[in-house]
Amino acid sequence: MSLLLFVFDSILLLTLLGLATAAVLSPEPRNAVMLFIAFGLWLSLVWARLGAPDVALAEAAIGAGIGGALMLAAARRSARRDNRRDNRRDNRRDNRRDVSCQDAQ
Amino acid sequence: MNRDLSLLIGILVSLLALLLIWIFYTTLAADPGPRLAPLALEQLPNSGVSHPVTAVLLNYRAYDTLLELAVLLAAILGIWSLGPAPSGFQPAGPALTVLANWIVPLAIITGGYLLWVGGHAPGGAFQAGALLGSAGVILRLAGHERAGLPNEAAQRWLVVAGVGLFLLVGLLLAVFGAGFLTYPKASAKWLILLIETAATIAIGSTLAAAYVGGRPPLAQSTSAASKDLGA
Amino acid sequence: MTAAFLYGAAGLLLFALGLWSLLVHEPLLRKLIAFNIMGSGVFHLFIAVAHRSDGSSPDPVPHALVLTGIVVAVSATALALALNSRLEEADAKASSSKTTPSGAPEPNTTARTGLPKPSSNGANRLRWPSR
(Lines give C-alpha, C1' and ligand atoms only; values in the text may rest on other atoms or scores of the structure.)
Protein backbone atom coordinates (compact mmCIF):
# COMPACT_ATOMS: atom_id res chain seq x y z
CA MET A 1 0.00 0.00 0.00
CA SER A 2 2.70 2.40 1.02
CA LEU A 3 4.78 1.33 -2.01
CA LEU A 4 1.79 2.01 -4.27
CA LEU A 5 1.39 5.46 -2.74
CA PHE A 6 5.09 6.11 -3.24
CA VAL A 7 4.85 5.22 -6.93
CA PHE A 8 1.78 7.45 -7.26
CA ASP A 9 3.57 10.37 -5.59
CA SER A 10 6.63 9.92 -7.80
CA ILE A 11 4.55 9.92 -10.98
CA LEU A 12 2.74 13.07 -9.85
CA LEU A 13 5.99 14.87 -9.04
CA LEU A 14 7.92 13.72 -12.12
CA THR A 15 5.11 14.90 -14.39
CA LEU A 16 5.01 18.20 -12.52
CA LEU A 17 8.75 18.77 -12.94
CA GLY A 18 8.58 17.64 -16.57
CA LEU A 19 5.80 20.13 -17.36
CA ALA A 20 7.72 22.93 -15.64
CA THR A 21 10.89 22.11 -17.58
CA ALA A 22 8.99 22.00 -20.86
CA ALA A 23 7.33 25.36 -20.11
CA VAL A 24 10.67 26.94 -19.25
CA LEU A 25 12.55 25.52 -22.26
CA SER A 26 9.94 26.15 -24.95
CA PRO A 27 11.14 29.07 -27.13
CA GLU A 28 7.77 29.73 -28.79
CA PRO A 29 5.74 32.03 -26.49
CA ARG A 30 2.33 30.50 -27.09
CA ASN A 31 3.59 26.95 -26.55
CA ALA A 32 5.33 28.07 -23.37
CA VAL A 33 2.15 29.67 -22.03
CA MET A 34 0.03 26.61 -22.80
CA LEU A 35 2.57 24.38 -21.05
CA PHE A 36 2.51 26.79 -18.12
CA ILE A 37 -1.30 26.49 -17.91
CA ALA A 38 -0.99 22.69 -17.96
CA PHE A 39 1.64 22.97 -15.21
CA GLY A 40 -0.70 25.09 -13.08
CA LEU A 41 -3.59 22.63 -13.46
CA TRP A 42 -1.32 19.70 -12.62
CA LEU A 43 -0.02 21.59 -9.60
CA SER A 44 -3.58 22.04 -8.35
CA LEU A 45 -4.04 18.27 -8.70
CA VAL A 46 -0.94 17.69 -6.56
CA TRP A 47 -2.24 20.11 -3.94
CA ALA A 48 -5.56 18.29 -3.85
CA ARG A 49 -3.52 15.13 -3.11
CA LEU A 50 -1.79 16.99 -0.25
CA GLY A 51 -5.11 17.81 1.41
CA ALA A 52 -5.35 21.46 0.38
CA PRO A 53 -8.58 21.70 -1.67
CA ASP A 54 -8.95 25.47 -1.05
CA VAL A 55 -5.54 26.23 -2.46
CA ALA A 56 -6.04 23.78 -5.32
CA LEU A 57 -9.28 25.56 -6.31
CA ALA A 58 -7.61 28.97 -6.15
CA GLU A 59 -4.57 27.85 -8.14
CA ALA A 60 -6.72 26.27 -10.87
CA ALA A 61 -8.95 29.35 -11.16
CA ILE A 62 -6.52 32.22 -10.53
CA GLY A 63 -3.02 30.90 -11.23
CA ALA A 64 -3.69 28.71 -14.25
CA GLY A 65 -6.96 30.26 -15.47
CA ILE A 66 -6.64 34.02 -15.21
CA GLY A 67 -2.83 34.14 -15.23
CA GLY A 68 -2.80 31.89 -18.29
CA ALA A 69 -5.45 34.00 -20.06
CA LEU A 70 -3.39 37.16 -19.38
CA MET A 71 -0.21 35.59 -20.73
CA LEU A 72 -1.94 34.09 -23.76
CA ALA A 73 -3.34 37.49 -24.67
CA ALA A 74 0.14 39.02 -24.36
CA ALA A 75 1.72 36.23 -26.46
CA ARG A 76 -0.90 36.66 -29.17
CA ARG A 77 -0.43 40.44 -29.22
CA SER A 78 3.31 40.12 -29.64
CA ALA A 79 2.88 37.45 -32.37
CA ARG A 80 0.49 39.75 -34.22
CA ARG A 81 2.91 42.65 -33.89
CA ASP A 82 5.76 40.55 -35.29
CA ASN A 83 3.54 39.52 -38.21
CA ARG A 84 2.66 43.13 -38.92
CA ARG A 85 6.31 44.11 -38.85
CA ASP A 86 7.19 41.32 -41.29
CA ASN A 87 4.32 42.30 -43.59
CA ARG A 88 5.42 45.91 -43.56
CA ARG A 89 8.96 44.91 -44.46
CA ASP A 90 7.64 42.73 -47.30
CA ASN A 91 5.44 45.54 -48.58
CA ARG A 92 8.37 47.93 -48.56
CA ARG A 93 10.43 45.45 -50.51
CA ASP A 94 7.62 45.03 -53.04
CA ASN A 95 7.26 48.79 -53.45
CA ARG A 96 10.95 49.14 -54.01
CA ARG A 97 10.82 46.41 -56.63
CA ASP A 98 7.95 48.19 -58.39
CA VAL A 99 9.92 51.41 -58.43
CA SER A 100 12.97 49.70 -59.89
CA CYS A 101 10.80 48.07 -62.55
CA GLN A 102 9.43 51.45 -63.54
CA ASP A 103 12.94 52.81 -63.69
CA ALA A 104 13.91 50.02 -65.99
CA GLN A 105 11.06 50.83 -68.29
CA MET B 1 23.01 35.07 -23.67
CA ASN B 2 25.94 32.85 -24.58
CA ARG B 3 25.96 29.16 -23.89
CA ASP B 4 28.87 29.01 -21.45
CA LEU B 5 27.40 31.65 -19.21
CA SER B 6 24.01 29.93 -19.06
CA LEU B 7 25.76 26.65 -18.26
CA LEU B 8 27.69 28.35 -15.45
CA ILE B 9 24.47 29.84 -14.07
CA GLY B 10 22.89 26.41 -14.32
CA ILE B 11 25.67 24.83 -12.25
CA LEU B 12 25.49 27.56 -9.60
CA VAL B 13 21.69 27.29 -9.37
CA SER B 14 21.86 23.48 -9.01
CA LEU B 15 24.39 23.89 -6.20
CA LEU B 16 21.98 26.31 -4.53
CA ALA B 17 19.16 23.78 -4.98
CA LEU B 18 21.25 21.01 -3.40
CA LEU B 19 22.09 23.26 -0.46
CA LEU B 20 18.42 24.16 0.02
CA ILE B 21 17.35 20.52 -0.15
CA TRP B 22 19.99 19.58 2.43
CA ILE B 23 18.80 22.36 4.76
CA PHE B 24 15.21 21.23 4.25
CA TYR B 25 16.15 17.62 5.04
CA THR B 26 17.96 18.50 8.28
CA THR B 27 15.07 20.75 9.33
CA LEU B 28 12.57 17.98 8.72
CA ALA B 29 14.74 15.43 10.56
CA ALA B 30 15.01 17.67 13.61
CA ASP B 31 11.99 18.02 15.87
CA PRO B 32 9.77 20.70 14.29
CA GLY B 33 8.65 21.96 17.70
CA PRO B 34 5.21 23.35 18.50
CA ARG B 35 3.06 24.28 15.53
CA LEU B 36 0.31 26.83 15.06
CA ALA B 37 -2.19 24.27 13.82
CA PRO B 38 -3.44 23.00 17.21
CA LEU B 39 -3.91 26.59 18.41
CA ALA B 40 -5.81 27.50 15.24
CA LEU B 41 -8.08 24.47 15.49
CA GLU B 42 -8.65 25.00 19.21
CA GLN B 43 -9.88 28.59 18.73
CA LEU B 44 -12.11 27.64 15.79
CA PRO B 45 -15.43 27.77 17.76
CA ASN B 46 -14.68 31.39 18.69
CA SER B 47 -13.89 32.52 15.15
CA GLY B 48 -17.42 32.67 13.74
CA VAL B 49 -16.75 30.19 10.92
CA SER B 50 -16.17 26.46 11.00
CA HIS B 51 -13.67 26.14 8.14
CA PRO B 52 -10.12 26.60 9.48
CA VAL B 53 -8.64 28.21 6.35
CA THR B 54 -11.37 30.86 6.25
CA ALA B 55 -10.88 31.45 9.97
CA VAL B 56 -7.16 32.08 9.43
CA LEU B 57 -7.77 34.33 6.43
CA LEU B 58 -10.56 36.50 7.76
CA ASN B 59 -10.10 36.34 11.51
CA TYR B 60 -6.70 35.37 12.93
CA ARG B 61 -4.66 36.89 10.14
CA ALA B 62 -7.12 39.45 8.82
CA TYR B 63 -4.29 41.97 8.48
CA ASP B 64 -2.73 39.79 5.79
CA THR B 65 -5.90 39.68 3.76
CA LEU B 66 -6.44 43.41 4.13
CA LEU B 67 -2.93 44.14 2.86
CA GLU B 68 -3.33 41.58 0.07
CA LEU B 69 -6.43 43.42 -1.14
CA ALA B 70 -4.41 46.64 -0.99
CA VAL B 71 -1.72 45.03 -3.19
CA LEU B 72 -4.42 44.07 -5.68
CA LEU B 73 -5.69 47.66 -5.66
CA ALA B 74 -2.16 49.01 -6.20
CA ALA B 75 -1.65 46.65 -9.16
CA ILE B 76 -4.85 47.76 -10.89
CA LEU B 77 -3.98 51.43 -10.26
CA GLY B 78 -0.59 50.77 -11.89
CA ILE B 79 -2.25 49.17 -14.92
CA TRP B 80 -4.73 52.03 -15.28
CA SER B 81 -2.02 54.65 -14.99
CA LEU B 82 -0.23 53.19 -18.05
CA GLY B 83 -2.81 54.53 -20.46
CA PRO B 84 -5.94 53.34 -22.23
CA ALA B 85 -6.68 49.69 -22.86
CA PRO B 86 -5.68 48.11 -26.18
CA SER B 87 -8.59 47.68 -28.55
CA GLY B 88 -10.91 44.82 -27.78
CA PHE B 89 -11.91 41.84 -29.83
CA GLN B 90 -14.34 41.62 -32.67
CA PRO B 91 -17.86 40.59 -31.71
CA ALA B 92 -17.94 36.84 -31.32
CA GLY B 93 -19.47 34.37 -33.67
CA PRO B 94 -22.89 32.90 -32.76
CA ALA B 95 -21.45 29.78 -31.08
CA LEU B 96 -19.22 31.76 -28.69
CA THR B 97 -22.03 34.20 -27.94
CA VAL B 98 -24.36 31.35 -26.94
CA LEU B 99 -21.56 29.76 -24.90
CA ALA B 100 -20.92 33.05 -23.09
CA ASN B 101 -24.65 33.46 -22.47
CA TRP B 102 -24.64 30.11 -20.69
CA ILE B 103 -21.30 30.24 -18.92
CA VAL B 104 -21.41 33.74 -17.46
CA PRO B 105 -24.60 33.29 -15.39
CA LEU B 106 -23.40 29.86 -14.29
CA ALA B 107 -20.07 31.33 -13.19
CA ILE B 108 -21.86 34.05 -11.21
CA ILE B 109 -24.14 31.52 -9.46
CA THR B 110 -21.20 29.21 -8.70
CA GLY B 111 -19.27 32.19 -7.36
CA GLY B 112 -22.10 33.02 -4.99
CA TYR B 113 -22.23 29.39 -3.84
CA LEU B 114 -18.47 29.27 -3.24
CA LEU B 115 -18.67 32.50 -1.26
CA TRP B 116 -21.40 31.12 0.98
CA VAL B 117 -19.88 27.67 1.41
CA GLY B 118 -16.51 29.19 2.45
CA GLY B 119 -17.79 29.43 6.03
CA HIS B 120 -17.81 25.68 6.58
CA ALA B 121 -16.11 23.95 3.63
CA PRO B 122 -13.41 24.66 1.03
CA GLY B 123 -14.30 27.83 -0.83
CA GLY B 124 -14.41 31.51 0.00
CA ALA B 125 -13.80 35.00 -1.29
CA PHE B 126 -10.73 34.26 -3.42
CA GLN B 127 -12.22 31.38 -5.35
CA ALA B 128 -15.54 33.19 -5.80
CA GLY B 129 -13.75 36.34 -6.95
CA ALA B 130 -11.68 34.30 -9.40
CA LEU B 131 -14.87 32.88 -10.91
CA LEU B 132 -16.34 36.37 -11.32
CA GLY B 133 -13.08 37.52 -12.90
CA SER B 134 -13.06 34.63 -15.36
CA ALA B 135 -16.67 35.43 -16.28
CA GLY B 136 -15.35 38.90 -17.15
CA VAL B 137 -12.53 37.38 -19.23
CA ILE B 138 -15.05 35.29 -21.19
CA LEU B 139 -17.21 38.36 -21.80
CA ARG B 140 -14.18 40.29 -23.07
CA LEU B 141 -13.25 37.39 -25.38
CA ALA B 142 -16.82 37.35 -26.67
CA GLY B 143 -16.49 40.98 -27.74
CA HIS B 144 -17.63 43.01 -24.73
CA GLU B 145 -15.29 46.01 -24.66
CA ARG B 146 -15.24 46.45 -20.87
CA ALA B 147 -15.42 42.77 -19.87
CA GLY B 148 -18.90 43.18 -18.44
CA LEU B 149 -17.87 45.93 -16.03
CA PRO B 150 -19.73 49.24 -15.70
CA ASN B 151 -18.30 52.63 -16.66
CA GLU B 152 -15.07 54.00 -15.23
CA ALA B 153 -16.51 55.88 -12.26
CA ALA B 154 -18.43 52.81 -11.09
CA GLN B 155 -15.39 50.58 -11.67
CA ARG B 156 -13.38 52.73 -9.27
CA TRP B 157 -15.97 52.09 -6.57
CA LEU B 158 -15.94 48.37 -7.32
CA VAL B 159 -12.18 47.93 -7.05
CA VAL B 160 -11.91 49.82 -3.75
CA ALA B 161 -14.95 48.04 -2.27
CA GLY B 162 -12.84 45.28 -0.69
CA VAL B 163 -10.23 47.41 1.04
CA GLY B 164 -12.74 50.12 1.86
CA LEU B 165 -15.27 47.95 3.63
CA PHE B 166 -12.55 45.93 5.36
CA LEU B 167 -10.97 49.11 6.74
CA LEU B 168 -14.35 50.58 7.67
CA VAL B 169 -15.31 47.48 9.68
CA GLY B 170 -11.88 47.41 11.28
CA LEU B 171 -12.00 51.06 12.30
CA LEU B 172 -15.57 50.80 13.61
CA LEU B 173 -14.51 47.79 15.69
CA ALA B 174 -11.49 49.73 16.94
CA VAL B 175 -13.71 52.63 18.05
CA PHE B 176 -16.68 50.71 19.47
CA GLY B 177 -15.35 47.22 20.07
CA ALA B 178 -12.43 45.30 21.36
CA GLY B 179 -9.82 46.48 18.88
CA PHE B 180 -8.89 46.73 15.21
CA LEU B 181 -10.44 43.74 13.40
CA THR B 182 -11.21 41.90 16.63
CA TYR B 183 -14.74 40.68 16.00
CA PRO B 184 -17.19 40.23 18.87
CA LYS B 185 -18.14 36.57 19.00
CA ALA B 186 -21.84 37.05 18.43
CA SER B 187 -21.58 38.99 15.18
CA ALA B 188 -18.33 37.48 13.86
CA LYS B 189 -20.06 35.29 11.30
CA TRP B 190 -22.01 38.14 9.71
CA LEU B 191 -19.10 40.57 9.76
CA ILE B 192 -16.90 37.98 8.05
CA LEU B 193 -19.58 37.28 5.45
CA LEU B 194 -19.99 41.02 4.81
CA ILE B 195 -16.24 41.52 4.35
CA GLU B 196 -15.99 38.44 2.16
CA THR B 197 -18.81 39.65 -0.09
CA ALA B 198 -17.10 43.00 -0.63
CA ALA B 199 -13.76 41.26 -1.17
CA THR B 200 -15.33 38.90 -3.75
CA ILE B 201 -16.73 41.80 -5.74
CA ALA B 202 -13.44 43.69 -5.54
CA ILE B 203 -11.31 40.68 -6.53
CA GLY B 204 -13.61 39.75 -9.40
CA SER B 205 -13.78 43.22 -10.90
CA THR B 206 -10.04 43.83 -10.36
CA LEU B 207 -9.07 40.63 -12.16
CA ALA B 208 -11.44 41.38 -15.04
CA ALA B 209 -10.13 44.96 -15.27
CA ALA B 210 -6.54 43.64 -15.22
CA TYR B 211 -7.42 41.42 -18.18
CA VAL B 212 -8.73 44.47 -20.08
CA GLY B 213 -5.22 45.80 -19.54
CA GLY B 214 -5.56 49.58 -19.31
CA ARG B 215 -7.88 52.41 -18.41
CA PRO B 216 -11.44 51.32 -19.09
CA PRO B 217 -12.40 52.16 -22.69
CA LEU B 218 -14.85 55.02 -23.00
CA ALA B 219 -18.20 54.21 -24.50
CA GLN B 220 -17.05 53.88 -28.09
CA SER B 221 -18.75 53.76 -31.46
CA THR B 222 -20.73 50.54 -31.28
CA SER B 223 -21.43 50.39 -27.58
CA ALA B 224 -22.26 54.10 -27.49
CA ALA B 225 -24.63 53.68 -30.41
CA SER B 226 -26.41 50.75 -28.82
CA LYS B 227 -26.64 52.61 -25.53
CA ASP B 228 -28.13 55.62 -27.28
CA LEU B 229 -30.64 53.39 -28.99
CA GLY B 230 -31.53 51.82 -25.67
CA ALA B 231 -31.96 55.15 -23.89
CA MET C 1 8.33 12.07 6.60
CA THR C 2 9.37 10.59 3.23
CA ALA C 3 6.33 12.02 1.48
CA ALA C 4 6.87 15.45 3.05
CA PHE C 5 10.54 15.39 2.03
CA LEU C 6 9.71 14.25 -1.52
CA TYR C 7 7.14 16.99 -2.05
CA GLY C 8 9.22 19.69 -0.38
CA ALA C 9 12.27 18.79 -2.47
CA ALA C 10 10.14 19.00 -5.62
CA GLY C 11 9.13 22.52 -4.55
CA LEU C 12 12.79 23.48 -4.10
CA LEU C 13 13.64 22.04 -7.54
CA LEU C 14 10.81 24.06 -9.10
CA PHE C 15 12.21 27.17 -7.40
CA ALA C 16 15.71 26.48 -8.78
CA LEU C 17 14.36 25.75 -12.27
CA GLY C 18 12.47 29.04 -12.28
CA LEU C 19 15.49 30.95 -10.96
CA TRP C 20 17.73 29.52 -13.70
CA SER C 21 15.24 30.39 -16.42
CA LEU C 22 14.73 33.88 -14.99
CA LEU C 23 18.47 34.52 -15.17
CA VAL C 24 19.16 32.91 -18.54
CA HIS C 25 16.24 33.74 -20.85
CA GLU C 26 15.81 37.25 -22.17
CA PRO C 27 12.22 37.76 -23.45
CA LEU C 28 9.99 39.20 -20.76
CA LEU C 29 7.21 36.66 -21.26
CA ARG C 30 9.64 33.81 -20.58
CA LYS C 31 10.99 35.64 -17.55
CA LEU C 32 7.40 35.99 -16.28
CA ILE C 33 6.71 32.28 -16.72
CA ALA C 34 9.96 31.56 -14.87
CA PHE C 35 8.98 33.96 -12.08
CA ASN C 36 5.60 32.26 -11.72
CA ILE C 37 7.24 28.83 -11.58
CA MET C 38 9.56 30.11 -8.84
CA GLY C 39 6.52 31.28 -6.91
CA SER C 40 4.76 27.97 -7.45
CA GLY C 41 7.80 26.20 -6.03
CA VAL C 42 7.61 28.26 -2.85
CA PHE C 43 3.86 27.65 -2.53
CA HIS C 44 4.44 23.94 -3.11
CA LEU C 45 6.99 23.85 -0.28
CA PHE C 46 4.45 25.54 2.03
CA ILE C 47 1.74 23.02 1.15
CA ALA C 48 4.17 20.11 1.59
CA VAL C 49 5.16 21.34 5.06
CA ALA C 50 1.49 21.75 6.03
CA HIS C 51 0.69 18.17 5.02
CA ARG C 52 0.49 15.49 7.73
CA SER C 53 1.31 11.96 6.71
CA ASP C 54 -0.54 10.49 9.71
CA GLY C 55 -3.88 11.45 8.19
CA SER C 56 -4.82 14.26 10.58
CA SER C 57 -6.07 17.51 9.07
CA PRO C 58 -3.31 19.69 7.57
CA ASP C 59 -2.11 22.98 9.04
CA PRO C 60 -4.49 25.75 7.88
CA VAL C 61 -2.05 28.65 8.41
CA PRO C 62 0.29 27.93 5.43
CA HIS C 63 -2.79 27.27 3.29
CA ALA C 64 -4.10 30.75 4.00
CA LEU C 65 -0.70 32.28 3.29
CA VAL C 66 -0.49 30.49 -0.05
CA LEU C 67 -4.02 31.63 -0.98
CA THR C 68 -3.06 35.29 -0.56
CA GLY C 69 0.25 34.60 -2.31
CA ILE C 70 -1.45 33.24 -5.44
CA VAL C 71 -3.58 36.36 -5.83
CA VAL C 72 -0.59 38.66 -5.31
CA ALA C 73 1.49 36.71 -7.87
CA VAL C 74 -1.23 37.02 -10.50
CA SER C 75 -1.69 40.74 -9.91
CA ALA C 76 2.09 41.27 -10.21
CA THR C 77 2.02 39.29 -13.48
CA ALA C 78 -0.82 41.44 -14.81
CA LEU C 79 1.07 44.64 -13.97
CA ALA C 80 4.27 43.34 -15.59
CA LEU C 81 2.40 42.36 -18.76
CA ALA C 82 0.79 45.80 -18.99
CA LEU C 83 4.22 47.44 -18.59
CA ASN C 84 5.65 45.12 -21.24
CA SER C 85 2.92 45.92 -23.73
CA ARG C 86 3.66 49.67 -23.31
CA LEU C 87 7.36 49.01 -23.81
CA GLU C 88 6.74 47.03 -26.99
CA GLU C 89 4.42 49.75 -28.27
CA ALA C 90 7.06 52.43 -27.72
CA ASP C 91 9.66 50.17 -29.28
CA ALA C 92 7.57 49.47 -32.38
CA LYS C 93 6.85 53.17 -32.77
CA ALA C 94 10.53 54.09 -32.46
CA SER C 95 11.69 51.44 -34.93
CA SER C 96 8.96 52.26 -37.45
CA SER C 97 9.69 56.01 -37.30
CA LYS C 98 13.34 55.19 -37.84
CA THR C 99 12.90 52.90 -40.84
CA THR C 100 9.92 54.33 -42.74
CA PRO C 101 10.58 56.98 -45.36
CA SER C 102 10.13 60.52 -44.06
CA GLY C 103 6.66 61.85 -43.47
CA ALA C 104 4.75 58.62 -43.85
CA PRO C 105 2.32 58.60 -40.91
CA GLU C 106 2.05 55.24 -39.24
CA PRO C 107 -1.43 53.92 -38.49
CA ASN C 108 -0.52 53.67 -34.83
CA THR C 109 -2.34 54.88 -31.80
CA THR C 110 0.19 57.62 -31.07
CA ALA C 111 -2.35 60.21 -30.05
CA ARG C 112 -4.40 57.87 -27.89
CA THR C 113 -1.67 56.44 -25.73
CA GLY C 114 -0.30 59.85 -24.87
CA LEU C 115 3.16 58.41 -24.29
CA PRO C 116 6.04 60.78 -24.84
CA LYS C 117 7.74 59.99 -28.09
CA PRO C 118 10.91 58.16 -27.07
CA SER C 119 14.17 59.43 -28.46
CA SER C 120 16.08 56.87 -30.46
CA ASN C 121 18.66 56.74 -27.72
CA GLY C 122 16.09 55.97 -25.03
CA ALA C 123 14.38 53.47 -27.29
CA ASN C 124 17.59 51.52 -27.58
CA ARG C 125 17.94 51.43 -23.85
CA LEU C 126 14.35 50.30 -23.40
CA ARG C 127 14.57 47.80 -26.20
CA TRP C 128 13.70 44.31 -25.10
CA PRO C 129 15.02 41.65 -27.45
CA SER C 130 12.13 39.56 -28.62
CA ARG C 131 14.18 36.47 -29.30
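Computed values, structure above
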quantity: Within chain A, helices (runs of 4 or more DSSP H) holding 1 or more residues that are hydroxyl-bearing (S, T, Y), on the phi < 0 side of the Ramachandran plot and modelled with pLDDT of 90 or more; calculated: A:2-25, A:29-49
quantity: Any pair with Cβ under 7 angstrom, 6 or more apart, that starts in the stretch B:1-21 at a residue that is farther than 18 Å from C:G11 by Cα and ends at one that is modelled with pLDDT of 90 or more and in a helix (DSSP H, G or I); calculated: B:M1/C:V24; B:S6/C:V24; B:I9/C:W20; B:I9/C:L23; B:I9/C:V24
quantity: Residue identified as over 22 Å from B:V169 (Cα atoms), more than 9 Å from every other protein chain (Cβ to nearest Cβ) and open to solvent by 20 Å² or more (accessible area, probe 1.4 Å) among B:L115, B:L132; calculated: B:L132
quantity: Condition broken by B:T54, with the remaining ones in (1) open to solvent by 30 Å² or more (accessible area, probe 1.4 Å); (2) in a helix (DSSP H, G or I) satisfied; calculated: (1)
quantity: Output for the stretch A:1-21, where each listed residue is under 21 Å from A:S44 (Cβ atoms) and not aliphatic (A, V, I, L, M); calculated: A:F8, A:D9, A:S10, A:T15, A:G18, A:T21
quantity: Any hit, the stretch C:5-17, residues being open to solvent by 20 Å² or more (accessible area, probe 1.4 Å), touching a residue at least 24 places away in the same chain (Cβ under 8 Å) and not in a helix (DSSP H, G or I); calculated: no
quantity: Inter-residue pairs, beta-carbon under 8 Å, first open to solvent by less than 30 Å² (accessible area, probe 1.4 Å) and of a type in the set (A, V, I, L, M, F, W, C) and in the stretch A:44-63, second part of a loop (DSSP other than H, G, I, E, B) and at pLDDT below 90, 6+ apart; calculated: A:L50/C:H51; A:L50/C:P58; A:A52/C:H51; A:A52/C:P58
quantity: Failed criterion for C:N84 (all others in (1) under 30 Å from B:P38 (Cβ atoms); (2) of a type outside the set (V, I, T); (3) more than 9 Å from chain B (Cβ to nearest Cβ) hold); calculated: (1)
quantity: Residue in the stretch B:3-37 that is surrounded by the most Cβ atoms within 10 Å (Cβ to Cβ), counting only those that are more than 9 Å from chain C (Cβ to nearest Cβ) and at pLDDT below 80; calculated: B:P34
quantity: Check on B:G164, open to solvent by less than 50 Å² (accessible area, probe 1.4 Å) and at pLDDT 90 or above; calculated: yes
quantity: Any hit, the stretch C:61-72, residues being touching a residue at least 24 places away in the same chain (Cβ under 8 Å), assigned to a helix (DSSP H, G or I) and facing another protein chain (nearest Cβ under 8 Å); calculated: yes
quantity: Some residue of the stretch B:168-186 being in the same structural domain as B:A130 (by TED's automatic domain parsing), of a type outside the set (A, V, I, L, M) and within 13 Å of B:L72 (Cβ to Cβ); calculated: no
quantity: Inter-residue pairs, beta-carbon under 7 Å, first facing chain C (nearest Cβ under 7 Å) and in the stretch A:65-86, second at pLDDT 85 or above and open to solvent by 30 Å² or more (accessible area, probe 1.4 Å), 6+ apart; calculated: A:I66/B:S134; A:A75/A:P29; A:A75/A:R30; A:S78/A:P29
quantity: Boolean, A:P27 is open to solvent by 40 Å² or more (accessible area, probe 1.4 Å), facing another protein chain (nearest Cβ under 9 Å) and closer than 16 Å to C:P27 by Cα; calculated: yes
quantity: Condition met for C:A50 (closer than 18 Å to C:T2 by Cα and facing chain B (nearest Cβ under 9 Å)); calculated: yes
quantity: Verdict on B:E145 being open to solvent by less than 20 Å² (accessible area, probe 1.4 Å) and either under 23 Å from A:I62 (Cβ atoms) or at pLDDT below 90 (or both); calculated: no
quantity: Residue among B:V169, B:V117, B:V175 that alone is more than 12 Å from the chain's Cα centre (by Cα) and within 19 Å of A:A60 (Cα to Cα); calculated: B:V117
quantity: Test: residue in the stretch B:100-123 that is closer than 17 Å to B:G214 by Cα and at pLDDT 85 or above; calculated: no
quantity: B:P217 out of contact with any helix residue (DSSP H, G or I) (no Cβ under 6 Å at 6 or more places or on another chain) and modelled with pLDDT under 80; calculated: yes
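Residues checked against (1) touching a Phe, Trp or Tyr at 6+ places or on another chain (Cβ under 9 Å); (2) more than 23 Å from A:R76 (Cα to Cα); (3) away from chain A (no Cβ under 14 Å); (4) free of Cβ contacts under 8 Å to residues at least 40 places away in the same chain:
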site	(1), (2), (3), (4)
B:T110	no, yes, no, yes
B:G119	no, yes, no, no
B:G124	no, yes, no, no
B:A153	no, yes, yes, yes
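A quick yes/no check of all residues on (1) within 30 Å of A:P53 (Cα to Cα); (2) surrounded by 17 or more Cβ atoms within 10 Å (Cβ to Cβ); (3) of a type in the set (A, V, I, L, M):
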residue	(1), (2), (3)
B:L73	yes, yes, yes
B:I76	yes, yes, yes
B:P91	no, no, no
B:P94	no, no, no
B:G124	yes, yes, no
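The values are calculated or read from the model by the stated rules, or taken from the named source; none is laboratory data. This one's a predicted model, so the numbers in the text were calculated from it and none came from an experiment. When we count neighbours, we look across all protein chains shown, and the Cβ atoms used for this are built from the backbone with ideal geometry, even at glycine. Side chains are part of the model used for accessible areas, which takes the heavy atoms of the whole protein and leaves out ligands, DNA and RNA. Shrake-Rupley method; radii C 1.70, N 1.55, O 1.52, S 1.80 Å.
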